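The values are calculated or read from the model by the stated rules, or taken from the named source; none is laboratory data. Bear in mind the structure is a predicted one, so any value in this text is a computation, not a measurement. Here Cβ is always computed from backbone atoms with ideal geometry, including for glycine, and neighbour counts include all displayed protein chains.
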Amino acid sequence: MNRRTSFVRNIDWTIVLVYLLLVIMGWVNIYAAVYNEQHKSIFELSQRYGSQMILILAAFVLAFVILLIDLKFYTFFAYPIYGFSLLLLVLVLVMGREINGAKAWLFIGSLSIQPAEFAKFATTLAIAKYLSAYNIKVTSLRALLSVGVLIFLPMLLIILQPDAGSLLVFFSFSIMLFREGLPGVVLLFGFVIAVLFFVSLVVLKVYIIAAIVLIGYLVFMLYTHKYKETFIGFSLTVTLFVIFWGIAKIAFKQVDFYYIIAASFFLSGTVFLVITFFRKIRHVAIFVLFLFGSISFSYSVTYMYTNLLHGHQRDRMDILLGLKQDPLGMGYNVNQSMIAIGSGGFAGKGFLQGTQTKYNFVPEQSTDFIFCTVGEEWGFLGSLVVIGLFMFLLLRVVFISERQRSTFSRVYGYSVASILFFHFAINIGMAIGVLPVIGIPLPFFSYGGSSLWAFTILLFILIRLDASRLELLK
Amino acid sequence: MNPYAIRKYIVGAIFVLTGLIFVFRLFYLQIIDRSFERSAENNSRRLITQYPARGLIYDRNGKLIVFNEAAYDLMITPIEVKTFDTIEFASLINLSIEAVRLKIRKSKVKTKTNNIFKPSLFVSQLSAENYALLGEKLYKYPGFFVQTRTLRKYANKTAAHLLGYVGEVDSSAIRKDEYNKMGDYIGISGLEKTYEIELRGRKGTNILLVDVHNRVKGSFLNGRADTAAVVGADLTTTLDANLQEYGEFLMQNMRGSAVAIEPSTGEILAMVSTPTFDPGLLVGRSRAANYSMLQTDPQKPLFFRSAMANYPPGSTFKIINGLIGLQEGVLLPNSRYSCSGGYNYGGAKLLKCTHVHGTLNLLQAVSQSCNVYFCNVFKNILDNKKYSSTNQSYNLWRNDVMSFGLGKKFNADISNELSGNVPSSGYYDRVFGKNRWKSSTVISLSIGQAELGITPLQMANMATTIANRGYYYTPHLVKKIKNRNGIDARFLEKHITPFDTAAYGVIVQGMYSAVNEAGGTAYWVNTQSLGIDMCAKTGTAQNPHGMDHSVFIAFAPRENPKIAIAVFVENAGYGATWAGRIASLMVEKYLKGTQTRKPMEDFVLTFKYPKK
């Protein structure tokens, strides 16, 4: 068996087929989304569907070239590629043209590229390269910090554009890091922070603090089985609460339960901490400090929310959380998107029959909201097919990653899965109104050269690595 | 083996879980919650209403009375409006710049009823000239378009009250009938209201597909779902336009009413109510202003006297009492009573007569309208020994009176009709106490005074019933509705009075001699020389509003009568002088088609109310 045939045979054709399906389906849906009566041909170059065809053909060439390149190129040039992508991100800040309030595009002749898209696979390569180095363990603080820096640098440059969607994508590396051994507590901590953040915006502060205190005692009791101590601590809190309440009632003639609960809990918590310290009961400090932290965090969220987020981001968040009902204002996009998808029904309105997307009721219907066309014209069945294909792709990438022998390939593969998953989840979640509107493309589907090419490169480097998995041992 | 390999399952589970959440969410959006389908339709379909022309209205001879004229509503789609030359635009539509700015600001306010994505009315009923000017330049004003509507137009300035008018629907009309939509026009009063369903026709709709900018992208299903507008049905009224116009001409300086009916059918030939107004005033953009002007006019031109005014019938009512007396057997055609210029009742009280008539029989009493004679008749009716109490005999009397259509609504096709008043025995029980009243208490009913209130329409119907010698058809205004066979069955039902034809013979004879024999109260206005056999009864009705009302009922010819008429002229004095002349002239006009008595006509036109 000569080496070339084994290479061709080792290419994972299943995933290539899924890739082709997604790209072609994306093209057809772009055609339907921006269909122009005057230019009925899908090959019409003056229209988005025509240019998407060119971009797809170019992507195929790109994919072919990637498969031809020796895989040592990727390991050897991982850092230079990363450096080059950072350079592009700097360049875009200097030379980029501002579109929709963000300097995200570089124009080279008639070609326009989005460096942030390419930064994703460049960062992926760099992390893979770093983590595959000898004697590096994700669990070590040094390794974590180094990976953090690799992720943080492009994020910093993207924040300056600013492009919130691309920025958030970099958080998806945490999935890969989890697989590589990042303690689950860190992820859980992040998850709790996220939940607290949202809950703080929706629920009254006083309920949050009451809930945190109650849940804290409950978890402590169930975890340590120290029923007596729990009872003492809780009684202490309640007693202090009643005393403070009485004082507030008499002295100030008004009662702010939030501060009373907070004061009684902080005081009782401190006392409790001292008592248990002398009794040598473990974990108490972690619990109490965690609860203190949660309370301080929920308190500061409102501040962060009003001061750190941009006006339109806050609006989008408000709409998602149901704090604001404004179907013709900021919520317009999501509302129209849900109308388009919802009106598709079970089997859809049929190819080119979607009125909502075709007549521009849905904004960005060929890019960020391309899923609306699927939902409207192909209905629940079509949506199921698309989600099914993505699910298959993601699990296939995980499967491929797991069969790699080298850390480099596995880390790379998981990063691909993480990035694709993040795009998939945010994009469709936003179109169906379960996540806030964050403008990121649906991989392989959305109109646009940069994202299509970047995802093609991302995926085909993995396919290339996989095809030679038997050669790479490191 | 990598110690963390187990985590691949957690990662896979997160992926699959996310996919499942999406599938459930999509299942909800696309299959369970159907409201999105409607939203999508609202988004992308624009319904263009095709307004049908309203049915035309003709008189009984096929003369066009009411027709349509095109008008142009300027519509605005607020979201599409761009900045434009407000000065030129304002001048094109005859509005001030401030008014235009205010209207645009208002139209852009989002409310429950105002959708800024959908067209709404900006200026209604532009004139043809304005439309012509604006039409050329409309392309400069994106967001505006013109919708063609029709407006009512009147051939003559007659019959305003009974034709009624058309106006924009209000919220209560929309609640009552789903067909009505904001901005539609419906009949508000008169025939326009009664025959709204027939006249309005059916609106059509064109469904257009529009994009997010409301730009038309084509028609929905290539127009297969569109419906064409159906033109409203034309009405042929029973009116004789010439007679109506002539009546209004004669009574132009008076307050009063003249109603003429064709006895053989109940068809109303004319329904004059003065003062009146030009029906054209209540059309178009100035309607609201004109309406409030008419409403505040002290002459009350909007008041439809023919169907709404309660007049005491005065002496014309004597013939009813005569008929009842004959029927009850308390009066014979040759019963004689002596008139010494007044009737004594209730001790020292006296009801005066116009003359000292001496001894008269029934015929003479009708002809010369003797009060004393009919006081005696009325007394005998109520004090009839056949009945146990005044109450009982009064109730029978009242039933007989009401069999002429008096004291109740006809509920035909005349809007705003009132019922008039024939007091019940219960009413007198309340006023005087039970069994505390008798014939002498209510003696003025004998000569059509007291609480009696009769509308001119009812009065004309009374004349009709006598002309027919005992029956009438419900008086009505519409003869034919286009594309529909026959008229309402209600109008074909004969209402019969409980009196012998013979009794009518005597009364008709009396009415004939009133006109045609010297000494008759209506001899002044007789039409013998014209070859018209007219029968009539005069009345001079006392009323609390000043001078007596001049009242007159008549029909002609005596045999196979073609017209029955009742005329009231408020505060004009003696019956034959004004009301009689008007009736006589109108009868001639109707029967002969022309008018030969210029001096009489001129005399009527000299009428003037004394300045207050």
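Numerical summary
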quantity	calculated
Residue in the range A:358-381 that is at pLDDT 90 or above, more than 8 Å from every other protein chain (Cβ to nearest Cβ), out of contact with any helix residue (DSSP H, G or I) (no Cβ under 7 Å at 6 or more places or on another chain) and part of a helix (DSSP H, G or I) present	yes
Hey, A:S406 of a type in the set (S, T, N, Q) and in contact with a Ser or Thr (Cβ under 8 Å, 6 or more places away or on another chain) or not	yes
Failed condition for B:F555, given (1) in the same structural domain as B:T265 (by TED's automatic domain parsing); (2) outside any strand (DSSP E or B)	(2)
Test for A:V138: is it at pLDDT below 90, more than 21 Å from A:H423 (Cβ to Cβ) and crowded, with 18+ Cβ neighbours inside 10 Å	yes
Number of the condition not met by A:R179 [criteria: (1) of a type in the set (D, E, K, R); (2) touching a Phe, Trp or Tyr at 6+ places or on another chain (Cβ under 6 Å); (3) more than 14 Å from chain B (Cβ to nearest Cβ)]	(3)
Residues (at pLDDT 90 or above and among the polar types (S, T, N, Q)) located in the range A:141-173	A:S146, A:S172
Unmet criterion (only one of (1) under 30 Å from B:E198 (Cα atoms); (2) at pLDDT below 90; (3) not aliphatic (A, V, I, L, M)) for B:G520	(1)
Search result, residues across the range B:467-493 that are touching a residue at least 12 places away in the same chain (Cβ under 8 Å) and more than 23 Å from the chain's Cα centre (by Cα)	B:A467, B:N468, B:R469, B:G470, B:Y471, B:N483
Condition met for A:G413 (touching a residue at least 40 places away in the same chain (Cβ under 8 Å), within 20 Å of the chain's Cα centre (by Cα) and either part of a helix (DSSP H, G or I) or within 12 Å of chain B (Cβ to nearest Cβ) (or both))	yes
Selection status of A:R403, crowded, with 24+ Cβ neighbours inside 10 Å, over 19 Å from A:T357 (Cβ atoms) and either within 14 Å of chain B (Cβ to nearest Cβ) or without any contact (Cβ under 8 Å) to a residue 60 or more places away in the chain (or both)	no
Residue in the range B:382-392 that is under 24 Å from B:T540 (Cα atoms) and either free of Cβ contacts under 8 Å to residues at least 60 places away in the same chain or among the hydroxyl-bearing types (S, T, Y) (or both) present	no
Those strands (runs of 3 or more DSSP E) lying entirely in the range B:427-532 with at least 3 residues buried (at least 21 other Cβ atoms within 10 Å of the Cβ) and not assigned by TED's automatic domain parsing to the domain that holds B:Y345	none
One residue from A:I232, A:I260 being surrounded by 18 or more Cβ atoms within 10 Å (Cβ to Cβ), at pLDDT 80 or above and in contact with a helix residue (DSSP H, G or I) (Cβ under 9 Å, 6 or more places away or on another chain)	A:I260
So A:T224, is it in contact with a His (Cβ under 9 Å, 6 or more places away or on another chain), assigned by TED's automatic domain parsing to the domain that holds A:F266 and not aromatic (F, W, Y)	yes
Wholly within the range B:1-102, helices (runs of 4 or more DSSP H) carrying at least 2 residues that are within 14 Å of another protein chain (Cβ to nearest Cβ), touching a Gly at 6+ places or on another chain (Cβ under 8 Å) and not polar (S, T, N, Q)	B:7-27, B:35-44
B:Q542 vs. criteria assigned by TED's automatic domain parsing to the domain that holds B:G519, of a type outside the set (S, T, Y) and under 26 Å from B:T354 (Cα atoms)	yes
Test for B:D383: is it assigned by TED's automatic domain parsing to the domain that holds B:T316, surrounded by 24 or more Cβ atoms within 10 Å (Cβ to Cβ) and more than 14 Å from B:I507 (Cβ to Cβ)	no
Of all residues in the range B:181-205 being touching a Lys or Arg at 6+ places or on another chain (Cβ under 9 Å) and not in a helix (DSSP H, G or I), the one that is modelled with the lowest pLDDT	B:K181
Boolean, B:N344 is outside any strand (DSSP E or B) and surrounded by fewer than 20 Cβ atoms within 10 Å (Cβ to Cβ)	no
Residue list for the range A:339-370, restricted to those being buried (at least 24 other Cβ atoms within 10 Å of the Cβ) and more than 16 Å from A:R48 (Cβ to Cβ)	A:I339, A:A340, A:I341, A:G342, A:S343, A:G344, A:Q356, A:F361
Qualifying residue in the range B:265-277 (condition: in contact with a Gly (Cβ under 8 Å, 6 or more places away or on another chain) and farther than 30 Å from B:I507 by Cα)	yes
Of residues in the range A:88-122 being assigned to a helix (DSSP H, G or I) and more than 27 Å from A:I54 (Cα to Cα), the one farthest from the chain's Cα centre (by Cα)	A:V94
Yes/no for B:V81 being of a type outside the set (D, E), at pLDDT 85 or above and not assigned by TED's automatic domain parsing to the domain that holds B:E245	no
The range B:422-450 residues that are at negative phi, paired with ones that are hydrophobic (A, V, I, L, M, F, W, C) and part of a loop (DSSP other than H, G, I, E, B) (beta carbon under 6 Å, 6 or more apart)	B:V422/B:L406; B:Y428/B:W437; B:S444/B:A450
Residue check, A:L420 outside the structural domain of A:K129 (by TED's automatic domain parsing) and within 17 Å of A:I30 (Cα to Cα)	no
Positions within the range A:427-456 being surrounded by 24 or more Cβ atoms within 10 Å (Cβ to Cβ) and not in a loop (DSSP other than H, G, I, E, B), in sequence order	A:N427, A:I428, A:M430, A:A431, A:S451, A:L452, A:A454, A:F455, A:T456
